[in-house]
1. Could you check region 66-103 and list, in sequence order, the residues that are surrounded by fewer than 18 Cβ atoms within 10 Å (Cβ to Cβ) and more than 16 Å from Leu133 (Cα to Cα)?
2. Of everything in region 334-346 that's open to solvent by less than 10 Å² (accessible area, probe 1.4 Å) and either closer than 19 Å to Val220 by Cα or part of a helix (DSSP H, G or I) (or both), which residue is modelled with the highest pLDDT?
3. Quick one: which of Val155, Val211 is of a type in the set (Val, Ile, Thr), out of contact with any Gly (no Cβ under 6 Å at 6 or more places or on another chain) and modelled with pLDDT under 80?
4. Which count do you get for residues in region 361-404 that are open to solvent by 30 Å² or more (accessible area, probe 1.4 Å), farther than 12 Å from Ile319 by Cα, aliphatic (A, V, I, L, M) and modelled with pLDDT of 55 or more?
5. Quickly run through region 66-92 and pick out the residues that are in a loop (DSSP other than H, G, I, E, B) and either over 58 Å from the mean Cα position of the chain (by Cα) or in contact (Cβ under 8 Å) with a residue 12 or more places away in the chain (or both).
6. List every residue pair whose Cβ atoms sit under 8 Å apart, with the two residues 6 or more apart in sequence or on different chains, where the first one lies in region 221-240 and is on the phi < 0 side of the Ramachandran plot and outside any helix (DSSP H, G or I) and the second, anywhere, is surrounded by 12 or more Cβ atoms within 10 Å (Cβ to Cβ) and small (Gly, Ala, Ser).
7. Among the residues of region 310-327, is any farther than 21 Å from Arg205 by Cβ and either β-branched (Val, Ile, Thr) or not in a helix (DSSP H, G or I) (or both)?
Amino acid sequence: MNALDSWLRRRLPPALADLGLSVLLTAWCLALPALVPPDEHRLRVPDAWWLLLLLVCGTAITVHRLCPLASLTVVAVLCGVLQGVHYVPPLVGPLGTSIGPTYLSVAAVLFLTAVRARHRGAALLVAVHMPALSVTEAMMAPAGHRLATATTEAVLLAAAWSLGRLVRTRTAMRSQALERAAALEGEQFANARAAMMEERARIARELHDIVAHHVSLMIVQTIAADRVQTHDLDKAHELHRSIEETGRATVTELRQLLDVLRTDAEDDVDLSRQPPQPSIDAVPALLDSVRATGLQVHYTVVGEPVELPAGSQLAVYRIVQEALTNTLKHAGRTHATVTMTWEHDRHRLSLRLCDAGPQDGAGSPPIRTSGQGPGHGMVGIRERIAAAGGTLHAGPRAGGGFCVHAVLPIPSVPGSRTDALPPQRRPRPR
């Protein structure tokens, strides 16, 4: 079977295979009179008709790929004629069985026909050709050897036909396996491309969050530095340094994310080079950077924190970032509160961010979006919350100001992580 598989992999061109088989069998038939002892069989002396029959038979084998059934019929008839006029010894006679090149020619052509014929052609071989050949050979056999001749011919033809159908079946199975492998490879490539495009869309949202937050900080810090530089140079220098640090951090993050978004023509995308995503532990540092702009933020954590999935932690960080960025844009240096409540009995984390609105005429009117309008920031946050299985509500509150309330699910059996944190990093009210 391994040899058969190896032969199938090589697969000579049909024209070359037919030509080689024709030359081999014709040469063997031409050499047959010299190989058969003259006393064993009373055979007819080879002449021009013998040579013509062999050449026509070889030509029929050569063009087998073009008309398999016709070629088989011609070869079978010519080989029968060669036996009928005693150019070749009988298949089974007084001296025993003699499977010469003419009988092997018929078997070889039958094998090729079984390989190349379709289902209807194969059925025709079984129903017509094989019984007809067996009966013909039995009728031309010597008396007393007809049953043995018919049996030998049937076995020879059945073996050739079975081997041919086996080769055809395995060839078809191999072709189907290659097609399935190609289809699977194409599907995997399409899935990889879709995942890559989805990842790029996510990174684009990250770019929006980063740019909107840091640029808003820089604008507010620039305005504050311009106002205090005439009477407080130290404060102005501090704000300028903060602007520089914010700008450098923004450029660094943009370079890291844009490196991931390079096209395939420039380089293969390596998603493993993405920068580490911020988590809940980074929220205090974010609030410190916001306080440097003059926004007064009161931060409170209620309940025992637990480990959340990376996507939920990133969503919490981006909610705080986007909400405070909107506060800086629309309310200026005002008061804001951030309350993070771990409700273990309800298996959820409640995050509430509220500001007091513009103070003393500072800032612009609070024209904001609740996630249903054109504002991309809150729309992106709403998508993050929905992906994490939570809900988001945002809108103005009574008495002025704006509130964002997000709810995220937490594990059913919370595992406390407070004891695992260093003392200086434990979340505490601010």
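The values are calculated or read from the model by the stated rules, or taken from the named source; none is laboratory data. Predicted model, so just to flag it, every value in this text is computed and none were measured. Note that we place each Cβ from the backbone using ideal geometry, even for glycine, and neighbour counts take in every protein chain shown. Heavy atoms of the whole protein, side chains included, go into the accessibility calculation; ligands, DNA and RNA do not. Shrake-Rupley method; radii C 1.70, N 1.55, O 1.52, S 1.80 Å.
1. Residues satisfying the conditions are Leu66, Cys67, Val85, His86, Gly93, Pro94, Leu95, Gly96, Thr97, Ser98.
2. Once the filter is applied, the top-ranked residue is Ala336.
3. Working: Val155 fails: modelled with pLDDT under 80.
Answer to the check: Val211.
4. 3
5. Within region 66-92, Val85, His86, Tyr87, Val88, Pro89, Pro90, Leu91 qualify.
6. Cβ pairs passing all conditions: Gln229/Ala236.
7. Within region 310-327 (the criterion being farther than 21 Å from Arg205 by Cβ and either β-branched (Val, Ile, Thr) or not in a helix (DSSP H, G or I) (or both)), the answer is no, since none of the residues qualifies.
Table: residues versus (1) surrounded by 13 or more Cβ atoms within 10 Å (Cβ to Cβ); (2) at pLDDT below 80; (3) in a helix (DSSP H, G or I); (4) not aliphatic (A, V, I, L, M).
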{"site": "Leu8", "(1), (2), (3), (4)": "yes, yes, yes, no"}
{"site": "Leu24", "(1), (2), (3), (4)": "yes, no, yes, no"}
{"site": "Leu32", "(1), (2), (3), (4)": "yes, yes, yes, no"}
{"site": "Pro37", "(1), (2), (3), (4)": "no, yes, no, yes"}
{"site": "Val45", "(1), (2), (3), (4)": "no, yes, no, no"}
{"site": "Trp50", "(1), (2), (3), (4)": "yes, no, yes, yes"}
{"site": "Leu53", "(1), (2), (3), (4)": "yes, no, yes, no"}
{"site": "Ile61", "(1), (2), (3), (4)": "yes, no, yes, no"}
{"site": "His64", "(1), (2), (3), (4)": "yes, no, no, yes"}
